[in-house]
Structures are given as structure tokens and as C-alpha cells.
Amino acid sequence: MEFKDRIYTLKGRSTPLSYTLASRHTQRNALLYFDEKTGTNRALRYSRNQKSPFMDEQDEHAIVEPIVFEDGILRVDKHNTLLNKFLELHPQRGMVFEEVDFERDADSAIDKINYEIDALIAAKSLPIEKMEAICRVALGLNVDRMSSSELKRDVLLYAKQNPREFLEMLDDPDMDLDDNAYKFVNAGLISVRRNGDLWFSLPDNKKKICSTPYGQDPMDVLAAWLMTDEGIEATKTLSAML
């Protein structure tokens, strides 16, 4: 274990003013570490006057001390190697608390910024037709009533707030199918009944297309149908009518 000062934080959105972490193994609160060398679970206990965090290596004079997070934070001096070792082995590490890793957090922040930059650059250069498709599929907007400035604004905001999702959508080969599904429904060429069934809604064609299985989105079902031989032929006709 590297010899350095460490900072630990409680996980979760809300943090209490004071939180006491379990510091000893009991029947009601098991603090066990599986030792792969011996193949056994070893009980843990934090006692500053001992040399080991394992109870089987401590003497009868162990004095148990509380481990308290103040405002969700616990700072441990590098000289307190026993507490750092105890926290490294603690079974609630990663679930209740975690160590602050500034280098890891910095790398994560850089990745996020780079994704945001790439997404905004890609969004800025999109043609209007692609912007319309993203607004229809990802944001569920009625683009027929939107100006080009409104389209650009919403696409840029979407790219900024969800850069990974945005870039994945640009590379998704099924996005055009999803977009066609929305266009055909919004234009009234295909109707979605209350039970989710899909029907043609054309002057000379009121035929049922297919049913939507329970729990599925009718638009996803329609996009999948558009990939069938019948759907490909229908797309040609419906696109011409648009």
C-alpha cells in the first residue's frame, strides 16, 4: 500500500453531518475479509494500539476507536497506516464509502470534456435533415413547427448534455429507420391504435401492419418492420408521399 495521505468520502447524493463506520466484526455486523492464501474469512477490527487490522493477530489489549465521517469526508494521515489498511480491506468499501482518487477523477473529467467537444463539433456540422431526425427520435419533438435555429439549439443542447449518447446515435445505422417511423406516424400515413397496433392510414390502404407485443414500444416495432421486405417496399411509397 502506497504511503500517503488519503481522503475517503461517503457514496450517495445525500451525506449526513456525521456518519460512524462499523469498525469491528460482530455477529450482528459482520466485517470479514476473505484471505485467498488461507481460504478463510478473517474478522476485522480497527484498533490504533495494534499492529494489524485482523482480530486473530491482535492481543487482548485492543482498544476499539470509532471511525467518523464528518460532512461525508474522512481524512486519514499517511502515518496512520493501520486505519488506511483497515479501510482498504473493509467490506463496505465501494458500497458505503470510497477513496478519493484525484488522478482518476481528473482523467474522467478530461474524457467527459473531450466527448463534449467532439459531440458539439459533430452537432454543429450536421445537415438540417439529420438535426430533424435527432430531434424526432431522441427528443420526441414535432420538427414541422420548428425553425432551423430552434433545431440547431436543441441539437447542440442535447449534444452538450449527453455527449456519449449523441455520438453513439450518429453512428447508429438504425437511426434512419427510427426517423422514418416517426415521420410516417407524424404525417398521418401510419396510425398507432390505443392497443399499440400499427395500421396504414392511406386513402386507398387501411390495412393492419402488425401488432405490438406487450411491453414494447410501437415505434420500435414499426422501425423493425420497416427492415422487412414488405417494410422496405412500403418505405419507398410512404417516402414519396411525404
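The calculated Kirkwood hydrodynamic radius for the chain is 23.4 Å, given to one decimal from all distinct C-alpha pairs.
Extents of the range 116-223, largest first, come to 46, 28, 21 Å (Cα atoms, principal axes, whole angstrom).
Going from the residue with the fewest nearby Cβ atoms within 10 Å to the one with the most, Phe102, Phe97 rank Phe102, Phe97.
Helices meeting the span-like rule in the chain (full DSSP H runs, Cα extent of at least 24 Å along the helix axis, mean Kyte-Doolittle score of -0.5 or higher): 102-124. Comparing Tyr33, Ile67, Val137 along the charge dipole axis of the chain, the residue lying farthest to the positive side is Ile67, per the Cβ-charge model. Put a dot 7 Å past the Cα of Leu242, heading toward its Cβ, do the same for Glu65, and the two dots end up 6.9 nm apart.
Within the range 6-100, the ratio Rg/Rh, alpha carbon atoms throughout and Rh by Kirkwood, equals 0.96. Here's the list of lysines a cross-link from Lys208 could span, going by alpha-carbon distance under 21 Å and ignoring same-chain residues fewer than 8 apart: Lys183, Lys236. Taking every C-alpha pair closer than 8 Å and separated by at least 6 residues, the mean separation divided by the residue count of the range 1-114 gives a relative contact order of 37 percent. Restricting the calculation to Cα atoms, the range 174-242 yields a radius of gyration followed by a Dmax of 10.9, 32 Å.
Of the residues Leu167, Ser14, Ser149, the one whose Cα sits farthest toward the positive end of the charge dipole of the chain, with +1 on the Cβ of Lys and Arg and -1 on the Cβ of Asp and Glu, is Ser14. Counting beta carbons within 10 Å around each of Met227, Met169, Met146 and listing the fewest first gives the order Met227, Met146, Met169. Which GluC sites (Glu not before Pro) from the range 106-206 combine a DSSP loop assignment with at most 12 other Cβ atoms within 10 Å? Taking the range 106-206 and a limit of 12 other Cβ atoms within 10 Å, no loop GluC sites (Glu not before Pro) are found. Taking a straight line from the alpha carbon of Lys112, these lysines sit under 29 Å away, with near neighbours fewer than eight places off in the same chain left out: Lys4, Lys11, Lys124, Lys130, Lys152, Lys160. One decimal place: the segment Asn80-Ala187 gains 31.6 nm when fully extended, by the rule 0.36 nm per residue minus the C-alpha distance.
Where a number appears in this text, it was derived from the coordinates with a stated rule and is not lab data. Quick caveat: nothing in here was measured; it's all calculated off a predicted structure. For neighbour counting, all protein chains shown are included, and Cβ atoms are generated from backbone atoms with ideal geometry for every residue, glycine included.
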